[in-house]
Amino acid sequence: MKVNFYVTCIGDAIKANMAKKSVLLLEKLGCEVLFPERQACCGQPAINGGYIKDAKPAMKSLIAAFEENDYPIISPAGSCTYAIKSYAGYLADEPDWARRAQAMGDRMQDLTSFIVNTLGLSDVGARLPGRAVYHPSCSLFRKLGVKEEPLTLLRHVAGLELLPIRNQETCCGFGGTFSVKMAEISGEMVKEKVVHMMDARPDYLIGADASCLINIGGRLHRERQPVKVMHIAEVLMSR
């Protein structure tokens, strides 16, 4: 199967290994990965801040970039996936762009849902001995409804023990611009999240949205907690 890969800004600038492992994983599973070079930011920071008009040029640019073919578009970030799937609503007053936005949104898939629901796989042959906690990002499971797919894949990682934590589905406090505008509240939320995680004494923190991992990982680092933070793509490529 041919697929497009949407790298995301974080994958491009901060979490390059996440992007690399995502591509290698897709290739391992038999996909031919295409990378439209005109792709850029999806405009999510501006959208989250309420600057919809300012975000529209980025939306249109990204739509045009991925119109060079009609293959599925795979993203390693639920937040970007949801933002792109929402384009049609933001462009509703421009019918042609709204139609093109809807067509692109219909092709967008989170990495884990693509593997489980489209490729029909639950065991990708990964191995990672140790104890882990999983953080479900709000964008992934609240907005996109992708809840069981990451857990299904992680439960089939040889040697990995998934640990339950208190209030597992509560927000980590990042929320894009929320962590900037409401920094004190955000800080308390991630502090509470780390307390619950550390009660389980994990070796790894695993997530499927890099922005949440950066936020929680930063708190873990400040507390000098010996927990390795990993995107699910990195876990699924472990041996």
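The values are calculated or read from the model by the stated rules, or taken from the named source; none is laboratory data. All figures in this text were calculated on a predicted structure; none of them were measured in a lab. Because the Cβ atoms are built from the backbone with ideal geometry, glycine has one as well, and the counts that use them run over all protein chains shown. Side chains included, ligands, DNA and RNA excluded: accessible areas come from the protein's heavy atoms. Shrake-Rupley method; radii C 1.70, N 1.55, O 1.52, S 1.80 Å.
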Query raised in the report: Does at least one position in region 69-76 carry a residue that is more than 20 Å from Lys20 (Cβ to Cβ), touching a residue at least 12 places away in the same chain (Cβ under 8 Å), loosely packed, with under 14 Cβ neighbours inside 10 Å and of a type in the set (D, E, K, R)?
Result: yes
Report task. Residue by residue through region 1-20, note down the ones that are of a type in the set (S, T, N, Q) and open to solvent by 20 Å² or more (accessible area, probe 1.4 Å). Result -> Asn17
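Would you confirm whether any residue within region 129-147 is among the aliphatic types (A, V, I, L, M), more than 26 Å from Phe66 (Cα to Cα) and in contact (Cβ under 8 Å) with a residue 12 or more places away in the chain? Before you say what the answer is, go through the steps one by one.
At the first step, the residues of region 129-147 found to be among the aliphatic types (A, V, I, L, M) are 132-133, 140, 144, 146.
Then keep just the ones that are more than 26 Å from Phe66 (Cα to Cα); that gives 132-133.
From the residues that got through so far, the ones that are in contact (Cβ under 8 Å) with a residue 12 or more places away in the chain too are 132-133.
Yes: one or more hits.
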Requested in this report: Kindly indicate the residue of region 170-199 that is in a helix (DSSP H, G or I) and of a type in the set (Ser, Thr, Tyr) and also farthest from the chain's Cα centre (by Cα) among those meeting that condition.
Outcome: Ser186
Query - Residue count for region 32-49, restricted to those that are surrounded by 14 or more Cβ atoms within 10 Å (Cβ to Cβ) and either acidic (Asp, Glu) or in contact (Cβ under 8 Å) with a residue 60 or more places away in the chain (or both) - result: 4
Query raised in the report: For Leu91, all conditions in the list (1) out of contact with any Phe, Trp or Tyr (no Cβ under 7 Å at 6 or more places or on another chain); (2) crowded, with 19+ Cβ neighbours inside 10 Å; (3) touching a residue at least 24 places away in the same chain (Cβ under 8 Å) hold save one; what is the number of the exception?
Result: (1)
Query raised in the report: Pairs, please: C-beta under 6 Å, at least 6 apart or cross-chain, first residue surrounded by fewer than 12 Cβ atoms within 10 Å (Cβ to Cβ) and in region 220-239, second at pLDDT 95 or above and assigned to a strand (DSSP E or B)?
Result: Arg239/Arg127
Query raised in the report: What number of residues within region 40-56 satisfy the criterion of being within 24 Å of Met182 (Cα to Cα) and either of a type in the set (A, V, I, L, M) or assigned to a helix (DSSP H, G or I) (or both)?
Result: 9
**Report entry** Hey, Val23 in contact with a strand residue (DSSP E or B) (Cβ under 9 Å, 6 or more places away or on another chain), open to solvent by 10 Å² or more (accessible area, probe 1.4 Å) and part of a helix (DSSP H, G or I) or not
**Finding:** yes
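I need a count of the residues in region 112-144 that are hydrophobic (A, V, I, L, M, F, W, C) and under 20 Å from Gly43 (Cα atoms).
Adding up the residues that qualify gives 3.
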Requested in this report: For region 99-107, indicate whether the set of residues that are open to solvent by less than 20 Å² (accessible area, probe 1.4 Å), free of Cβ contacts under 8 Å to residues at least 24 places away in the same chain and not basic (Lys, Arg) is non-empty.
Outcome: yes
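Kindly indicate the residue of region 1-20 that is in contact (Cβ under 8 Å) with a residue 12 or more places away in the chain and part of a helix (DSSP H, G or I) and also farthest from Pro150 (Cα to Cα) among those meeting that condition.
In this case the residue turns out to be Cys9.
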Report task. Scan region 159-172 and give yes if some residue there is open to solvent by 50 Å² or more (accessible area, probe 1.4 Å) and in contact (Cβ under 8 Å) with a residue 40 or more places away in the chain, otherwise no. Result -> no
Query raised in the report: Among (1) aromatic (Phe, Trp, Tyr); (2) modelled with pLDDT under 95; (3) not assigned by the TED database to the domain that holds Tyr6, which single condition is Tyr51 missing?
Result: (3)
